[in-house]
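The values are calculated or read from the model by the stated rules, or taken from the named source; none is laboratory data. This structure is a prediction, so every number in the text was calculated from the model and none was measured. Note that we place each Cβ from the backbone using ideal geometry, even for glycine, and neighbour counts take in every protein chain shown.
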Amino acid sequence: MILFELKKLVKHFGGLAAVNGVSFKVEKGEIFGLIGPNGSGKTTIFNCISSYYSVTGGNIYFKNQDITGLKTNKICKIGIGRTFQVVKPLGRLTVMDNVIAAAFSKAKTKKEARRVANETLEFCELIHRKDVLAKSLPIGERKRLEITRAMATRPELLLLDETAAGLNPSEVDAAINLIKKIRNKGVTIIIVEHIMKVIMTISDRIHAINFGQTITEGTPQEVVSNPAVIEAYLGEEYAQS
């Protein structure tokens with residue numbers, strides 16, 4: 001079953017086409033990787049999906065409904081959550097209060113929001129830090145808090161933007177385990193990530209872009225073996241490793 005679809009998405013900034021006719025479909029329950037060099041348009045695609053940017057052309061579909069141009073808060077309410085590449089928690093609030101704030105995207109009462117926050121902190125294995133100020137967390141736990149806040153909105157589709165960037169090897173492994181756990185919970189995932197260990201380990205399919213346009217799409221092995229992907233993104237060193 002197709003849960004999400006981009007159809008010929010275009011985003012211009014002045015005369016620059018940051019995204020130029022990208023199309024893909026994501027099946028329910030899938031982990032779908034989105035890769036490409038810096039500046040290739042990956043985060044711009046996420047920002048268009050979330051309506052942080054207006055779309056220049058094309059359409060965005062979620063559960064067979066055209067959601068192109070829907071307001072950002074409505075995108076969240078219909079079931080699309082996301083993280084950000086640069087994490088910006090509410091630094092002077094506790095971890096718990098950060099997650100409660102996110103839970104209010106759907107919760108109707110403070111009691112419900114606190115219950116959702118507790119459950120999500122337990123699920124994301126951050127409950128032991130619930131009373132700590134968010135600004136005092138190290139980068140690994142800030143990244144985990146970002147995922148926790150997104151999960152507190154109770155998404156059906158989760159957009160993960162470089163959640164493993166800046167993590168040490170053990171934290172990367174923990175991030176991989178958490179992403180798999182989220183998928184096992186029934187959440188569909190689109191992930192942007194430069195750490196190939198993460199992409200190759202968790203993705204069912206990968207879509208590669210460069211200069212805002214599609215290079216190829218397929219299984220992880222098909223994509224990383226593609227000469228155009230090697231040339232544009234991975235480099236010959238990766239191909240020979």
Worksheet item: So Arg154 clears everything in (1) out of contact with any Ser or Thr (no Cβ under 9 Å at 6 or more places or on another chain); (2) in contact (Cβ under 8 Å) with a residue 12 or more places away in the chain; (3) within 24 Å of Leu90 (Cα to Cα); (4) not in a helix (DSSP H, G or I) except one condition, right? Which one?
Response: (1)
Worksheet item: Is one or more of the residues making up the range 60-69 farther than 25 Å from Arg142 by Cβ, in a strand (DSSP E or B) and β-branched (Val, Ile, Thr)?
Response: yes
Worksheet item: Tell me, which strands (runs of 3 or more DSSP E) wholly within the range 167-239 include 2 or more residues that are in contact with a Lys or Arg (Cβ under 7 Å, 6 or more places away or on another chain) and within 27 Å of Cys48 (Cβ to Cβ)?
Response: 188-192, 213-218
Worksheet, complete the sentence: Checking Gly235, Gly166 in turn, the sole residue that is surrounded by fewer than 21 Cβ atoms within 10 Å (Cβ to Cβ), under 20 Å from the mean Cα position of the chain (by Cα) and closer than 22 Å to Thr43 by Cα turns out to be Gly166
Practice prompt. Inspect the range 2-23 for any residue being within 17 Å of Ser203 (Cβ to Cβ), among the acidic types (Asp, Glu) and at pLDDT 95 or above and give the result as yes or no.
Written response: no
Worksheet item: What is the residue count in the range 79-117 for residues that are exposed (fewer than 15 other Cβ atoms within 10 Å of the Cβ), of a type in the set (Val, Ile, Thr) and under 22 Å from Ile191 (Cα atoms)?
Response: 1
Worksheet item: Applying the selection to the range 69-101, what residues are hydroxyl-bearing (Ser, Thr, Tyr) and more than 16 Å from the chain's Cα centre (by Cα)?
Response: Thr94
Discussion item. I need a count of the residues in the range 176-213 that are of a type in the set (Ser, Thr, Tyr) and in contact with a Gly (Cβ under 8 Å, 6 or more places away or on another chain).
Written reply: 2
Response to the item:
Counting only residues in the range 136-157 that are among the hydrophobic types (A, V, I, L, M, F, W, C) and crowded, with 19+ Cβ neighbours inside 10 Å, the one farthest from Ile2 (Cα to Cα) is identified as Leu137
Practice prompt. Just give me the residues in the range 120-142 being within 12 Å of Met96 (Cβ to Cβ) and in a helix (DSSP H, G or I), in sequence order.
Written response: Thr120, Leu121, Glu122, Ile127, His128, Arg129, Ala134
Worksheet item: Inside the range 6-37, can you point out the residues that are in a loop (DSSP other than H, G, I, E, B) and in contact (Cβ under 8 Å) with a residue 40 or more places away in the chain?
Response: Lys28, Gly29, Glu30, Gly36, Pro37
Worksheet item: Can we say Gly186 is surrounded by fewer than 21 Cβ atoms within 10 Å (Cβ to Cβ), at pLDDT 95 or above and within 25 Å of Ile127 (Cα to Cα)?
Response: yes
